[in-house]
Amino acid sequence: MKQEIRTTARAIIKALAACHKTVGTAESCTGGGIAAALTSISGSSAVVRGGIVSYATEVKQDLLHVKASTLRRFDVVSEQVVIEMAQGALKTLKADFAVSTSGVSGPSGGTPENPVGTVWIAVASAEGAVHTYRLSGEDLGRAQNTQRAVLEALRQLLSVISSQA
């Protein structure tokens, strides 16, 4: 899986450089893993604006502008929250694209609605488009769940960038 992450990150950096666009990340359950994958690629400094690890609810609100009402109405692991996280990252980081994640890495914290391994991913563009994806719960262990989420978030980001390039 590590090689797939690196290959996908390399393709993202190449695609962003080709269209002169930038990216930012807003991560919860992936803990900076997406930003780390992107910045491990040579040339990333030209296209990666930065990343916010928003593990705490207050950080989601203060830095990513996730509304308190959204957090009250929906679970923190929800489509609505990752959309607001991605949109907040676009604004805060002044990026052309942003990817966000929120999920349950485990081993505890799962619910019937969001079992361990569930991750919501959003990719937003400065043009206003938002793409969401739900990675279904599959408890592979905390480290493996996180890696799986990083890879899928990178895949979704690459797909959106490729469709708008």
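Just to verify a result, which residue in segment 94-109, among those that are of a type outside the set (A, V, I, L, M, F, W, C), surrounded by 24 or more Cβ atoms within 10 Å (Cβ to Cβ) and closer than 21 Å to GLN61 by Cβ, is farthest from the chain's Cα centre (by Cα)?
From segment 94-109, those of a type outside the set (A, V, I, L, M, F, W, C) are 94, 96, 100-103, 105-109; that's our starting set.
Then keep just the ones that are surrounded by 24 or more Cβ atoms within 10 Å (Cβ to Cβ); that gives 100-103, 105.
Of the ones still in play, those that are also closer than 21 Å to GLN61 by Cβ are 100-103.
Numbers: SER100: 3, THR101: 4, SER102: 8, GLY103: 10 Å.
That would be GLY103.
If you go through segment 40-49 one residue at a time, do you hit one that is surrounded by fewer than 21 Cβ atoms within 10 Å (Cβ to Cβ), basic (Lys, Arg) and on the phi > 0 side of the Ramachandran plot? No; the residues of segment 40-49 include none that is surrounded by fewer than 21 Cβ atoms within 10 Å (Cβ to Cβ), basic (Lys, Arg) and on the phi > 0 side of the Ramachandran plot. Consider segment 4-33 and keep the residues that are out of contact with any Asp or Glu (no Cβ under 7 Å at 6 or more places or on another chain) and polar (S, T, N, Q). The one that is surrounded by the fewest Cβ atoms within 10 Å (Cβ to Cβ) is THR7. The set of residues from segment 105-147 being closer than 25 Å to LEU90 by Cβ and among the basic types (Lys, Arg) comprises just one member, ARG134.
Candidates are the residues of segment 9-34 that are farther than 17 Å from GLN164 by Cβ and hydroxyl-bearing (Ser, Thr, Tyr); the one that is modelled with the highest pLDDT is THR25. Within segment 1-50, restricting attention to residues that are assigned to a strand (DSSP E or B) and either in contact with a Leu (Cβ under 8 Å, 6 or more places away or on another chain) or of a type in the set (Lys, Arg) (or both), the residue that is nearest to ASP75 (Cα to Cα) is ALA26.
The values are calculated or read from the model by the stated rules, or taken from the named source; none is laboratory data. Just so it is clear, the structure is predicted and the values come from calculations on it, not from any experiment. All Cβ positions, glycine included, derive from the backbone under ideal geometry; neighbour counts span all protein chains shown.
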